[in-house]
Amino acid sequence: MKKLCAFLILCASIAGAQELRINVPYTRFTLPNGLTVILHVDRSTPRVSVNTWYHVGSGNEKPGRTGFAHLFEHLMFMGSKNVATGKFDEWLEAAGADNNGSTTGDRTNYFEDLPSNALELALFLDSDRMGYLADAMSPKAVDAQRDIVKNERRQSYENRPYGMSSLVLEENLYPPTHPYHWPTIGSMADLSAASFEDVVQFFRTYYAPNNASLTIAGDIDVEKTKALVEKWFGEIPRGQAVPLIDAPPAYLAEEKRFAFEDRVQLPRLYMAWISPPQFSPGDAELDILANILTGGKNSRLYKRLVYDLQIAQDVSAFQESQKQVSAFQVVATARTGHTLAEIEKVIQEEIDKIKNEFPSKREVERAVNQYEASFINRLERVGSFGGKTDQLNAYFTATGNPDYFNEDLARYKAVDPDDLRACARTYLRDDGRVVLSVVPKGKKELAAPGTFISVEGK
């Protein structure tokens, strides 16, 4: 709680009630090469987090040339001009650091959480791979990481129970040229076909300081940290202007229904709809709606499917917020002896109820309070995924304002029952969704109505 109080300020609202206001003070500057730097002081512990966001994801790729952004998530840890292969992790581990990275359709991020006296080490390592990774790349190194990514794809998709479901959903939610049509990890064919020159050119296009933002938070001195950033990043040359994404409209004018057999024990149902982009009207509303449906044991779908009827093993709903366009999903796993048609019927009933009747004020308040609590809990962390460094970078990338905490939270606190009904009617259309059944081998009768397809070779 002491840590939380270090960056939370309670102030009175205009109405006189006590309203929680989040204050994450920061210093922001831009180097001549275009690198945006955001600094935040948090002296609660003698640690610091260094968080770099490259404004490139799988959405910046082209059909036939997919998987590059994720490939670089691996290559960026393998050594650069002044860091030999294997030394990146070795030196950080010796300093007591944790580090990781991730890739989405919209961005790639990397972070190091480490003792504050090791800050310069992290800055040296990050600057070397930003400015000089291409100097250390070779066809052999790229091929080695290409094979690792292929194996990761096998483990995460082809050989994982229900793993191919996301590929089927993405292919059918978004048109073929849309940046979300293909998976972040890319296709096997594209990974195999990519030349060394293709890979190098992708790096030179997107991994430049003018297409990145660096956030540093923790036990730091602002002026000293600024000097260190200028020392290690200032000489990296600016890159060319990054091409803008030309995303075609994503709209479903009909219902699509599919099914496939998999090496699974229980059948699982997926229902997915196109929904508003992140921070757009309807985005927060659908987040709250997802909570009302499946957020806790007393939520509508969880109570009916899991507790009352006992026909489902689990059920979840979520708004997958993305930059270009989002997706709203409901996922439920059937219990032994029950079909996905049974489950779909109940889900449909509950969605229809929301379309025709206002959710209760109590349901909305509970969902908003849960979101607010989760929101605040995330900010107790300085680093890692979802901590303050990550969130400052996320807000800057999406809105241009690193300190978007209160505006973001206000979206949720403004939701009312009428908003939810309107969103359900607008976005959760029966004639604009993908319904997918995944059933055990030889158990086609457990599927909801839909065309059976093969997922081999996707």
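The values are calculated or read from the model by the stated rules, or taken from the named source; none is laboratory data. Just so we're clear, the structure is a prediction, and the values are computed from it rather than from any experiment. No Cβ is skipped: glycine too gets one built from the backbone with ideal geometry, and neighbour counts run over all protein chains shown.
Selection within segment 306-325: residues that are among the β-branched types (Val, Ile, Thr) and free of Cβ contacts under 8 Å to residues at least 60 places away in the same chain. The member of this set that is surrounded by the most Cβ atoms within 10 Å (Cβ to Cβ) is Val315.
Figure legend. Inter-residue proximity from segment 232-245: first residues more than 13 Å from Phe203 (Cα to Cα) and at pLDDT 95 or above, second residues surrounded by 11 or more Cβ atoms within 10 Å (Cβ to Cβ) and of a type in the set (Ser, Thr, Tyr), beta-carbon distance below 6 Å, spacing 6+ or different chains. Indicated pairs: Trp232/Ser127; Phe233/Ser127. Entry remark, segment 298-314: residues being more than 25 Å from the chain's Cα centre (by Cα) and under 17 Å from Val415 (Cβ atoms) number 1 in total.
Here's the yes/no breakdown for (1) modelled with pLDDT under 95; (2) surrounded by fewer than 22 Cβ atoms within 10 Å (Cβ to Cβ); (3) under 26 Å from the mean Cα position of the chain (by Cα); (4) outside the structural domain of Asp128 (by TED's automatic domain parsing):
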site: Leu191; (1), (2), (3), (4): yes, yes, yes, no
site: Val200; (1), (2), (3), (4): yes, yes, yes, no
site: Asp219; (1), (2), (3), (4): no, yes, no, no
site: Val222; (1), (2), (3), (4): no, yes, no, no
site: Pro249; (1), (2), (3), (4): yes, yes, yes, yes
site: Glu261; (1), (2), (3), (4): no, yes, no, yes
site: Pro277; (1), (2), (3), (4): no, yes, yes, yes
site: Glu285; (1), (2), (3), (4): no, no, yes, yes
site: Gly296; (1), (2), (3), (4): yes, yes, yes, yes
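Exactly one residue among Pro46, Pro32 is closer than 17 Å to Gly131 by Cβ and at pLDDT 95 or above, and that residue is Pro32.
What helices (runs of 4 or more DSSP H) lie completely within segment 333-439 and have 1 or more residues being over 30 Å from Leu114 (Cβ atoms), assigned by TED's automatic domain parsing to the domain that holds Gly282 and not polar (S, T, N, Q)? Explain how you work it out, then say what you get.
On the way: elements: 340-356, 361-378, 388-399, 405-413, 417-427.
Hits in segment 333-439: 340-356, 361-378, 405-413, 417-427.
Only one of (1) more than 25 Å from Lys413 (Cβ to Cβ); (2) modelled with pLDDT of 95 or more fails for Pro25. Which number is that? The single condition Pro25 does not satisfy is (1). The number of residues in segment 343-366 that are surrounded by fewer than 18 Cβ atoms within 10 Å (Cβ to Cβ), touching a residue at least 12 places away in the same chain (Cβ under 8 Å), more than 18 Å from Trp273 (Cβ to Cβ) and not aromatic (Phe, Trp, Tyr) comes to 3. Within segment 66-97, the set of residues being among the hydrophobic types (A, V, I, L, M, F, W, C), surrounded by fewer than 16 Cβ atoms within 10 Å (Cβ to Cβ) and at pLDDT below 95 comprises just one member, Ala84.
Once segment 367-390 is narrowed to residues that are touching a residue at least 24 places away in the same chain (Cβ under 8 Å) and under 25 Å from Ile292 (Cα atoms), the residue that is surrounded by the most Cβ atoms within 10 Å (Cβ to Cβ) is Ala367.
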